[in-house]
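See structure below.
The values are calculated or read from the model by the stated rules, or taken from the named source; none is laboratory data. Only a predicted model underlies this, so the values are computations on that prediction, with no experimental measurement involved. Positions of Cβ are generated from backbone atoms using ideal geometry, with glycine treated the same way; all protein chains shown enter the neighbour counts. Just the protein is used for accessible areas: all its heavy atoms, side chains included, with ligands, DNA and RNA removed. Shrake-Rupley method; radii C 1.70, N 1.55, O 1.52, S 1.80 Å.
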Amino acid sequence: MNITRREFLKVTGGLVTLSALGGGGLSAYQGVALARNTLMPTGSNPDPARLAGPVREFKLTTAVTPIDLGTGEFKAWTYNGRPVGPELRVTEGDTLRVVVTNNLLEPTTIHWHGVPVPNTMDGVPDMPQPAIQPGEIFSYEFKAWPSGTYLYHPHVGHQLDRGLVGPLIIEPKREPGNYDREYVLMLDDWATVDGGGPDSPERVTDHMGHGMMGGGMMGGMMNGMMGGMMGQQPAAAAGSGPLLEPVYDAFSVNGQVAATATPFTVKQGEKVRLRLINGGATTVFGLRLAGHTLTVTHADGRPTEPLAVDVLRIGMGERYDVEFTADNPGRWQLYDIISSMPLTTVLYQGVNSTQYSGDNLAQNFRWNDYSLLAGLPEEGLSPLSASGPADETFDLVLSGGMMSAYWTINDRIYPDTETIVAALGQRVRFNYFNQSPMPHPMHLHGHFFTVGSRGLRKDTVLVDAHMGQASIEFVADNPGMWMHHCHNIYHAEAGMMQVVQVG
Ligand SMILES: [Cu+2]
């Protein structure tokens with residue numbers, strides 16, 4: 001499917017239109033989204049025969065430390081003192097043991113985003129494992145399965161946005177890809193100044209809401225209009241109610257901003273794999289590697305049929321593995337078409353130019369709309385061919401942000417949201433309806449789900465802004481109490497979370 005930049009900005013929330021206030025009609029793009037309805041289930045029971053591997057131990061220490069993204073030193077909350085947590089790389093079947101020392105002044109946890117771990121290792125405080133208290137040490141331990149690109153981060157407050165996020169790579173026992181070179185790219189958004197920066201214990205934001213509408217001139221105008229109404233809500237008064245999104249002034253790849261980043265080097269003729277991870281708190285990226293077509297091979301770690309795209313949309317918590325052929329020598333920018341921000345540089349060996357090569361992005365470009373992505377069958381996961389009606393269907397209306405500082409699921413704010421109860425083995429379907437002007441990357445813990453009718457497996461689904469819809473289906477096969485929430489950390493903390501109780 002081809003799309004113009006303007007249409008792309010609308011569904012990704014990068015462009016606020018006045019029609020948002022009145023609800024507005026459906027675009028042609030969204031009409032296509034509505035046609036997705038036949039879903040297939042997925043399962044996440046590991047095949048024990050595949051799970052024989054050594055114990056691999058890593059140590060992570062959380063603390064407040066000075067870091068420098070290339071914009072000057074500031075204090076952030078870090079793993080091992082770095083702007084991005086260390087890459088944890090293991091092989092499928094290994095036992096991953098991570099010993100966490102909490103040197104923060106508040107409790108923390110680690111959530112292994114996307115990995116269907118046992119409930120006790122999922123890192124949601126008191127569900128059921130208590131948080132790691134200041135000064136305490138806790139060891140997470142679980143079978144690394146299945147292979148894929150994941151991320152880890154705390155599941156406490158806004159800690160992720162203070163800097164605590166890192167990549168987790170589980171390699172397959174046999175790698176089917178024949179790429180020559182691989183890079184992991186952790187994308188992150190930073191408010192290094194606003195509210196005192198990431199280390200500020202109480203980031204005070206303007207409750208008239210800069211950032212709420214995605215920023216920009218239009219956002220500012222709208223926020224001004226909304227200010228009066230919001231001011232009448234006691235819960236949104238200064239010093240109470242949820243924090244609003246801060247103003248982000250730096251975007252990093254692996255902890256470096258583009259201006260000072262070491263380029264990712266490639267050699268002409270190579271096939272290059274990029275593992276792209278969105279570790280940002282609130283930013284949806286529309287990634288464009290100038291001069292190149294990217295071929296999607298994995299979504300949220302799960303293999304897909306190859307899909308060639310000009311722009312890769314990636315929401316918070318999402319991962320995509322992509323490949324490109326290094327056939328266009330130059331110094332190329334990886335940039336975000338939503339904000340037009342440069343992110344990093346891909347440099348061919350032997351190219352000495354200090355100037356970026358010019359891009360040739362088509363007016364109507366191809367991107368990774370979910371309806372274009374098809375999953376591949378996987379050993380150890382439920383076959384994709386099993387189809388039939390869901391045992392339970394839940395319609396989930398996502399709303400908020402316009403008249404309120406809160407974000408809701410079916411008009412309720414966590415912990416007041418409905419707890420979804422599913423019997424072990426039940427097939428559950430969620431139909432999302434987004435009545436808000438921002439996109440919501442909805443993430444389910446402990447399970448994979450399918451999106452659309454072509455067996456696309458994921459764990460995070462971006463529900464488009466402005467009346468966007470999406471449906472997911474999963475087999476409730478991992479017993480426990482699991483979080484289901486928006487991966488915009490500010491939305492989650494302002495109510496857009498619920499519990500899914502399995503078994
Ligand atoms: Cu959200």
Query raised in the report: So who's got an amide H within less than 5 Å of the one on Phe433, skipping anything under 5 residues away but keeping other chains? H placed 1.01 Å off N, in plane.
Result: Leu396, Val397, Leu398
**Report entry** Charge dipole of the stretch 137-192 about the Cα centre (unit charges at C-beta), most positive-ward option of Leu185, Leu160, Trp145
**Finding:** Trp145
Report task. Would you list which lysines come within 29 Å of Lys143, measuring only between C-alpha atoms, while excluding same-chain residues fewer than 8 positions from it? Result -> Lys59, Lys173, Lys458
**Report entry** Radius of gyration and maximum dimension Dmax of the stretch 250-372, Cα, Å
**Finding:** 13.7, 41
Query raised in the report: So how long is each side of the stretch 382-481 along the principal axes, counting just the alpha-carbon atoms, biggest first, in Å?
Result: 43, 27, 20
Query - Charge context of Val100, other residues only, Cβ under 13 angstrom, K/R +1, D/E -1 - result: -1
Requested in this report: Give a residue-ordered list of calculated ³J(HN,Hα) values for the stretch 311-325 (Karplus: 6.51 cos²θ - 1.76 cosθ + 1.60, θ = phi - 60°; whole Hz; x for Gly, Pro).
Outcome: 9, 10, 7, 9, x, 4, x, 7, 9, 9, 9, 10, 10, 9, 9
Query - Radius 14 Å from Cβ of Pro415, net charge of other residues (Lys, Arg +1; Asp, Glu -1) - result: -3
Report summary line: Phi-derived 3J(HN,Hα) across the stretch 275-280 with the Karplus relation (6.51, -1.76, 1.60, θ = phi - 60°), rounded Hz, x for Gly and Pro, is 9, 9, 10, 9, x, x
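Taking all protein chains together and a probe of 1.4 Å, list Lys458, Lys173 from the most accessible to the least accessible. Don't skip to the answer; put the middle values down first.
Details: Lys458 0, Lys173 110 Å².
Highest to lowest solvent-accessible surface, that is Lys173, Lys458.
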Requested in this report: Could you give the C-alpha radius of gyration of the stretch 269-309 expressed as a fraction of 2.2 N^0.38 Å, taking N as the number of residues it contains?
Outcome: 1.29
Report task. For an R0 of 22 angstrom, estimate the FRET efficiency from the Cβ-Cβ distance between Asp359 and Tyr179 and round to the nearest 0.05. Result -> 0.40
Query raised in the report: Got a sec? Charge dipole of the stretch 250-372, +1 on Cβ for Lys and Arg, -1 for Asp and Glu; which of Trp332, Asn352, Gln268 is way out at the positive end?
Result: Asn352
